[in-house]
């Protein structure tokens, strides 16, 4: 059986992702990315028209993984709605914890730097809207299931959940401590979702 050889493009994306998480969009030069990938500098321009195009590809790949988590949690109708939401938040916190809080979330990291790219800013707005819609879907299911009151404002709270979780992840990154993320989860389930 033949071993599939990793393409230069895949090397650049995989290793460049680590560089961008560590140094940020602005702090990661194309030279840093290709050096970490072990490919010639010309390989970058063969596969990506710009650093911005590369970053947008990273964003799409990252979001594809997040969509899998959303499917397994927020949109998993086999679980009770509030268990789905807790599973989504736990999965997000676990990802941050697994990286020792240093990397944060690519969405939040790029949001902090999106003034450098209008395309990235617009795509992030679309991603956040999709995340909010998935959380709202889950919260609406919770009202239908009687886990939350019928008057519960699912869309407003979904916005709060997405922005609050992103903020907690950014604090965890800055503080190198998961306390903000754990506190967000505790307050959400003990005070907001009642």
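The values are calculated or read from the model by the stated rules, or taken from the named source; none is laboratory data. Source: prediction; values computed, not measured. Methodologically, a virtual Cβ is constructed for each residue, glycine included, from the backbone with ideal geometry; neighbour enumeration extends over all protein chains shown.
Assorted remarks:
- Residue count for the range 128-143, restricted to those that are without any contact (Cβ under 8 Å) to a residue 60 or more places away in the chain and over 18 Å from the mean Cα position of the chain (by Cα): 3
- Some residue of the range 123-137 being assigned to a helix (DSSP H, G or I), modelled with pLDDT under 90 and in contact with a helix residue (DSSP H, G or I) (Cβ under 8 Å, 6 or more places away or on another chain): no
- Meets criteria (over 24 Å from residue 21 (Cα atoms) and either without any contact (Cβ under 8 Å) to a residue 24 or more places away in the chain or more than 13 Å from the chain's Cα centre (by Cα) (or both)) for residue 184: no
- When the range 73-97 is filtered for residues that are surrounded by fewer than 15 Cβ atoms within 10 Å (Cβ to Cβ) and over 20 Å from residue 186 (Cα atoms), the ones remaining, listed by number, are 77, 78.
- Filter result for residue 109 (in the same structural domain as residue 168 (by TED's automatic domain parsing), surrounded by 16 or more Cβ atoms within 10 Å (Cβ to Cβ) and in contact with a helix residue (DSSP H, G or I) (Cβ under 9 Å, 6 or more places away or on another chain)): yes
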